[in-house]
Amino acid sequence: MSTSPKRRIADPTGPTSNSPKRQCMSEDEKAEEIPFTTPNAAPDSQIDHKAAIAYWSSTEPTVNGVLGGYPQVSRIDLQGSSNFLAKLRRYSKHFPPGKKLHRAVDCGAGVGRITAGFLCKVAERVDIVEPVKSFTDQIKGIDNVGDIYNVGLEEWHPEKEGLGPYDLIWNQWCVGQLTDAHFVEYLKRLPKVLNTGGWIVVKENLSNHHLGYDVFDETDSSVARTDVKFRNLFDNAGLKLDKR
Ligand SMILES: C[S@@+](CC[C@H](N)C(=O)[O-])C[C@H]1O[C@@H](n2cnc3c(N)ncnc32)[C@H](O)[C@@H]1O
């Protein structure tokens with residue numbers, strides 16, 4: 001991990017004084033840099049699962065609630081996801097277009113927005129992993145929903161329970177709730193329940209911090225990661241990035 005951005009952001013000394021960035025900085029730029037000094041704790045170390053669950057449990061169990069007051073994003077998001085899967089399937093030997101997938105799982109599913117609006121249309125059965133019960137109570141009536149697991153992904157061990165195999169494991173707007181270590185351990189478990197030729201999809205917002213740091217959000221106790229960080233974590237989990 002010594003080359004990972006996480007280590008770099010955990011370095012309390014910040015960028016080294018002989019870094020090229022420092023050498024070519026003007027006095028004004030140095031002054032501006034002060035509020036953005038390197039965080040003295042890795043952003044993911046600030047994640048508090050209890051606080052996160054308390055936040056989500058007090059959120060209205062609706063699409064508006066899980067999308068933070070931006071329900072209008074949902075339609076275009078679902079369309080984008082559907083296009084993305086279609087692209088994956090176009091080049092797939094195992095799951096070419098034309099037939100429904102056998103089994104998918106919606107991880108961090110919220111109120112089943114993605115399940116109802118997308119996954120149930122492309123898979124015969126969709127299992128649900130979501131820690132907040134008031135959210136999963138909204139999912140029960142949706143057609144094609146299989147088992148519902150009311151746990152966080154860090155506690156979900158599908159390989160031990162002999163679940164799957166899944167053709168599609170969908171993770172959206174929820175893996176920021178996991179620490180880097182939990183996320184890697186979770187990813188490592190997934191190939192054991194993934195069908196040959198199946199996909200693990202991770203659809204998340206990226207941090208665009210100007211110094212390339214992950215960013216902690218205290219509202220829901222989550223982190224937004226950089227693209228580089230995601231690639232490192234996939235690599236650490238032994239996964240190959242297929243399509244971006
Ligand atoms: C922004 S919402 C997204 C919900 C859904 N994926 C969607 O796009 O509609 C984040 C979800 O992550 C869930 N969550 C919180 N902590 C989690 C954890 N440790 N593991 C899995 N999901 C978690 C929340 O309860 C919430 O449903």
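What follows draws every value from the coordinates through simple rules; no lab data is involved. Note that the structure is a prediction, hence the values are computed from the model and not measured. Using ideal geometry, Cβ is built from the backbone for each residue, glycine included, and neighbour counts are taken over all protein chains shown.
Observations, loosely collected:
- Maximal additional length on extending the Lys160-Asp242 stretch stands at 26.9 nm, based on 0.36 nm per residue less the C-alpha distance.
- Computed extension gain for Lys133 through Tyr91, at 0.36 nm per residue and net of the alpha carbon distance, reaches 11.4 nm.
- DSSP-assigned coil residues among chymotrypsin sites (Phe, Trp or Tyr not before Pro) in the stretch 43-129, each with at most 11 further Cβ atoms within 10 Å: Tyr91
- Antiparallel bridges, percent of DSSP beta bridges restricted to the stretch 47-236 (to nearest 5): 15
- Sum of side-chain charges, Lys121 neighbourhood, beta-carbon under 12 Å (Lys, Arg +1; Asp, Glu -1): -1
- The number of Lys pairs in the stretch 47-236 with C-alpha atoms less than 18 Å apart, excluding pairs fewer than 8 positions apart on the same chain, is 13.
- Note on the stretch 47-236: with charges restricted to the Cβ of Lys and Arg (+1) and Asp and Glu (-1), its dipole about the Cα centre is near 1000 debye.
- Gain on full stretching of the segment that runs from Gln79 to Lys140 - 0.36 nm per residue minus C-alpha separation: 19.6 nm
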